[in-house]
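Below is one structure; the comments refer to it alone.
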Amino acid sequence: MSLSQGRPYLAIPGPSTMPDRVLSAMHRPAPNIYEGDIELLAARIADGLRRVALSTSHVAIYIANGHGAWEASLANIFSRGDKALALITGRFGDIWALSAAAMGVEVERLEFGIKASVDPDRVEAALRADTGHEIKAVLLTHVDTASSLRNDIAAVRAAINAAGHPALLMVDAIASLGCDEFRMDDWGVDVMVAASQKGLMVPPGLGFVWFSDKANEASKNADLASPYWNWQPRAFPEMVYQYFGGTSPTHHLFGLDESLKMILEEEGLPHIWARHGTLARTVWAAFEAWGQDGDIALNVANPAQRAHSVTAARIGGGGAQRLRHWLETEAGVTLGIGLGMAEPGTPEANDFLRVAHMGHVNAHMTLGALATMEAGLQALGIAHGGGALAAAAAEVAKG
């Protein structure tokens, strides 16, 4: 008997659960898009985006998803034939590097696998080897949404500085902004990309690029930016339509204005970071208990290298795919698929899943997802250790 009726829970790493008040804020007539309140709204959102990144940098808003934000960042920094150093810790770092290559950028790749974060010593060595300073920028994900690895951005910046290299530092914070601690200015990030549908709790459709004065100067020599992707008019608009390259994405802006109020004025970033850390440890505790008596394991062994927004895990023998299907059809919970963890179409590809705990998520949502996962393990006869729910509850109790 299916027990999936009722409100479903989408526990995938984006689009994340959207607050009812964000959805309500979007449920209103369209405004005058040429003048008046829309001008104040756009300026307020740009300021809020700088605040959520802990940055005084410039910000450009695109009607796009994260892939669009990637392309915007690349187009404004590189010319065809320029060189980038891509640090790969999972599928999304790989795709960003492939995007750069497809745009005519020469990409040197440093592969770190899918189970360990970037090694700053290897980064420093690669940059020291670039004696001609051909590498224009270093690309990496803060959190790779596929592997759930979290990289130490400050350590990578320190490696660039130690090498005495002028390369820009470009960071994908799509899966971390508004979840994991991120300090753009303090960590020396030159270009940062994010999107609306994860920690910012708004439907997919907005991509954001923050850039420093140094990156802005570098962009003046780049030639890949077409009129739409050029960040200059978006970051330094004379008319409100220039923020968005045309018609304003009005209802996304209404939702984003509300979510930024929740983040910056109500909960506050320090509490948000702490909440996500607690919910992440709650999920890890359950998996660690299940793994005591079964082919179940977290993808990232070192807790210091795990994201606080999403957890990638393995359940062998196709157990992950079987559990995902059972949860969606029998319990109304949708988990994320495994991405880049095994070759598509192979039996091993069915062994991976992801549990998101990002954005508008609280204790009962996370504990509820874990409890239904345990029910699924039992229903499917998948071997697992006991005590997972008690371990998870103990993490919540610690706060």
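Brief remarks follow.
- Mean residue ellipticity (222 nm) of the chain, computed from DSSP H runs ≥ 4 via -39,500 (n - 2.57), nearest 500: -11500 deg cm²/dmol
- Rounded accessible area of residue 150 (nearest 10 Å², 1.4 Å probe): 50 Å²
- Computed from phi, the 3J(HN,Hα) profile of region 153-158 under the Karplus parametrisation 6.51, -1.76, 1.60 (θ = phi - 60°) reads 5, 4, 5, 5, 4, 4 Hz, with x in place of Gly and Pro.
- Dipole magnitude for the chain: about 380 debye, using +1 per Lys or Arg Cβ and -1 per Asp or Glu Cβ, origin at the Cα centre.
- Each Lys and Arg adds +1 at its Cβ and each Asp and Glu adds -1 at its Cβ; summed about the Cα centre, region 23-76 shows a dipole of about 200 debye.
- The alpha carbon gyration tensor of region 282-399 gives principal lengths a ≥ b ≥ c with a/c below 1.5, which makes the shape rounded.
- Highest-fluctuation residue, 139, 74, 264 considered, GNM on the chain with Cα pairs under 10 Å: 264
- Candidates 185, 295, 37, ranked by Gaussian network fluctuation over the chain, Cα under 10 Å, top entry: 37
- Panel note: the C-alpha atoms of the chain, placed on their principal axes, show extents of 60, 56, 39 Å (largest first).
- Long-range tail of P(r) for region 228-300 (Cα pairs > 15 Å, %): 72 percent
- Computed from the Cα positions only, the extents of region 65-155 along the three principal axes stand at 35, 32, 20 Å, in decreasing order.
- With the alpha-carbon atoms of region 191-232 aligned to their principal axes, the span from lowest to highest coordinate is 35, 21, 12 Å, starting with the largest.
- Listed residues 107, 310, 202, most fluctuating in the chain (Gaussian network, C-alpha, under 10 Å): 107
- Gain on full stretching of the segment that runs from residue 238 to residue 63 - 0.36 nm per residue minus C-alpha separation: 61.1 nm
- The long axis of helix 363-380 is offset from the longest Cα principal axis of the chain by roughly 50 degrees.
- Taking 0.36 nm per residue of sequence separation and removing the Cα-Cα distance, the residue 10/residue 128 pair yields an extension gain of 38.0 nm.
- Each residue of region 45-61 was assigned a 3J(HN,Hα) from its phi angle through the Karplus expression (A = 6.51, B = -1.76, C = 1.60, θ = phi - 60°), giving 5, 4, 5, x, 5, 5, 5, 6, 8, 6, 8, 9, 6, 8, 9, 10, 10 Hz with x at Gly and Pro.
- Long-range HN-HN contacts of residue 337 with modeled amide H, under 5 Å: 354
- Checked against a 19 Å cut-off, the cross-linked pairs 115/136; 83/115; 115/198; 115/398; 83/214 give Cα-Cα distances beyond that limit for 115/136; 83/115; 115/198; 115/398.
- Sequence-distant residues sharing a close amide H with residue 105 (under 5 Å, placed H): 81
- Heavy-atom accessible surface of residue 364, to the nearest 10 Å², is about 130 Å², with a 1.4 Å probe and all protein chains retained.
- FRET efficiency for the residue 342 to residue 34 pair, using the beta carbon distance and R₀ = 45 Å, is estimated at 0.30.
- Karplus-derived 3J(HN,Hα) values for region 29-37, using 6.51 cos²θ - 1.76 cosθ + 1.60 with θ = phi - 60°, are x, 5, x, 5, 8, 9, 6, x, 4 Hz; glycine and proline are entered as x.
- At R0 = 22 Å, FRET efficiency that the Cβ-Cβ distance of residue 266 and residue 365 yields, to 0.05: 0.75
The values are calculated or read from the model by the stated rules, or taken from the named source; none is laboratory data. Here the structure is a predicted model, which means the values were calculated and not measured. With ideal geometry, Cβ positions are generated from the backbone for all residues, glycine too; neighbour counts draw on all protein chains shown. The protein model used for the area step is the full one, side chains on, heavy atoms only, and it has no ligands, DNA or RNA in it. Shrake-Rupley method; radii C 1.70, N 1.55, O 1.52, S 1.80 Å.
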